Amino acid sequence: MKKPYLYIIYFLVLLISFTYTSQAQILDKLKKKTEDKIIKETEKQLEGNDDTKKEDEEKSDDNQQNPTNDVNNSGTKEIQDNPKFQVNSKYDFIPGDKVLLFEDFSQDAVGDFPALWTTDVAGEINTVSIAPGNWFNLNSTEGTYWLMQDIDFPKNFILEMDIIPKKPGGRYAADLVFFGESTHSEMDKAGDPGICGLHVKIEKNIWETAGYKKGVNEKLTGSSTVNPVEAEKVNHVIIWVQNRRVRIYHKEEKVLDIPTNIYEGSKFSRLCFKLYRGASAGSFISNIKITTAAPDTRNKLLTEGKLVTYGIYFDVNSDKLKPESSGTLNDIAKVLQENPDVKVKIVGHTDSDGEDKSNLDLSKRRAASVKNALVKDYKINETRLETDGKGEGDPVAPNDNSTNKSLNRRVEFIKL
């Protein structure tokens with residue numbers, strides 16, 4: 001028979017073993033629960049960080065897609081509680097009240113070489129499927145096309161033209177050269193013609209300019225890759241020369257602005273287009289217009305009582321205003337805003353092409369469009385503005401050539 005104390009010892013050993021095992025199991029369970037909880041909390045924090053990151057990214061995208069600096073219609077910035085960035089119109093040029101040249105080749109027969117030009121290579125007048133009118137086809141990859149007549153370029157002038165670059169071939173659509181001469185040379189074939197000049201190289205991927213002067217090796221150059229011309233599309237290019245400064249506009253943007261691009265004392269009297277062997281595609285050219293620039297709007301309107309402008313543009317046979325009108329409209333609106341008692345009559349005029357009745361109606365509608373723009377976009381009180389249209393009935397030049405017709409297509413502001 002076993003002794004009683006041995007049973008007691010055996011019982012105590014079993015109790016201790018059971019207690020240790022139970023505690024270990026409990027600790028394991030607690031440990032597992034704790035680990036699970038830590039993992040869950042970590043996952044929540046990570047998810048929260050991802051959501052925050054996404055929100056920040058979305059806010060960043062919103063800030064980029066919805067800029068916060070606003071610009072009003074007159075081109076000035078407005079400060080708001082939640083400012084956002086927006087670029088105003090870059091069309092700040094203002095054509096003057098004199099047309100020096102307008103060439104749309106309407107006097108030339110399709111298939112002929114244009115009457116006012118000469119060349120040392122091939123060229124002819126064509127029509128194109130994407131735009132109306134006649135177009136001068138510079139259909140060579142090397143050579144020069146000279147306008148034969150002299151032009152008395154002032155120091156401040158604007159040239160506008162439409163150009164359709166050809167798709168195949170090199171990068172040059174055309175090199176437009178303004179140049180001055182000591183004596184007239186009908187076909188100056190030098191790379192830098194005359195005694196001084198300015199190259200405006202219109203390329204498919206870049207704009208390049210170079211001012212030159214006879215006897216000076218260095219050229220005054222500029223370049224820009226902003227909004228280059230597109231092949232097989234109508235590109236409306238605007239070049240503003242102001243003393244030595246050259247600005248180029250395309251696709252509603254100022255694409256180049258070089259303050260000293262022309263040599264001091266340069267006086268231009270001719271222009272030509274150049275193409276270069278192995279580097280030119282050629283192009284179609286039309287609607288070349290040269291005007292004086294920056295008229296004295298205040299003096300013309302307030303003192304002389306009449307402002308004639310060629311700087312308000314419409315779509316063909318339409319009363320729809322083009323964006324290029326913004327510089328002129330802003331200039332006129334500024335004078336009206338600064339002189340709130342002044343009232344004006346806006347009068348539209350056309351050339352003689354088309355029927356008299358249609359031209360009269362178009363001129364009235366165009367005058368009304370100008371008034372609507374001044375009222376809506378520039379906050380001019382409509383009671384200060386009257387409108388009328390004269391059609392072709394009040395020409396300032398005979399409608400016998402392209403330049404004179406362009407003189408008759410105008411908008412007048414008459415002080416009442």
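Only protein heavy atoms count here; on that basis, with a 1.4 Å probe, residue 184 has an accessible area of about 90 Å².
Simple spin-label estimate for residue 148 and residue 171 gives 3.6 nm between the two label positions (7 Å along the Cα-to-Cβ direction from each Cα). For residue 166, the accessible surface of its heavy atoms amounts to roughly 40 Å² (probe 1.4 Å, protein chains only, rounded to the nearest 10).
Would you compute the Debye intensity of the stretch 327-385 from its alpha-carbon atoms alone, equal scatterers and no solvent, and pass along log10 I(q)/I(0) at q = 0.13, 0.21 Å⁻¹ to two decimals? Each listed q maps to, in turn, -0.39, -0.79. The Cα center of the stretch 350-416 and the Cα center of the stretch 284-323 differ in position by 11 Å. Counting only protein heavy atoms and using a 1.4 Å probe, the accessible area of residue 392 comes to about 50 Å². In percent, how large is the relative contact order of the stretch 171-326, given Cα pairs closer than 8 Å and 6 or more residues apart? Rounded, it is 22 percent for the stretch 171-326.
The P(r) of the stretch 273-416 has a tail past 28 Å containing 24 percent of all C-alpha pairs.
Shown in residue order for the stretch 314-319 are the 3J(HN,Hα) couplings computed by the Karplus curve 6.51 cos²θ - 1.76 cosθ + 1.60 at θ = phi - 60°: 10, 5, 4, 6, 9, 9 Hz (x for Gly and Pro). Note on residue 375 and residue 302: the model spin-label points, each 7 Å out from Cα along the C-beta direction, lie 2.5 nm apart. Give me the net charge of residue 416's neighbourhood, meaning all other residues with Cβ under 12 Å from the Cβ of residue 416; Lys, Arg count +1, Asp, Glu -1. With Lys, Arg at +1 and Asp, Glu at -1, the neighbours total +2. Taken over the Cα atoms of the stretch 134-253, the convex hull encloses 125 Å³ per residue.
Among residues other than residue 236 whose Cβ falls under 9 Å from its Cβ, what is the net charge (Lys/Arg +1, Asp/Glu -1)?
Residues near residue 236 contribute -1 overall.
Residue by residue, the stretch 115-123 carries 3J(HN,Hα) couplings of 5, 8, 10, 9, 7, 10, 9, 8, x Hz when phi is fed to the Karplus relation 6.51 cos²θ - 1.76 cosθ + 1.60 (θ = phi - 60°); x denotes Gly or Pro.
The values are calculated or read from the model by the stated rules, or taken from the named source; none is laboratory data. Being a predicted model, the structure only gives us computed values, none of them experimental. Cβ: placed from backbone, ideal geometry, glycine included. Neighbour counts: every protein chain shown. Only protein heavy atoms, including side chains, enter the accessible area calculation; ligands, DNA and RNA are left aside. Shrake-Rupley method; radii C 1.70, N 1.55, O 1.52, S 1.80 Å.
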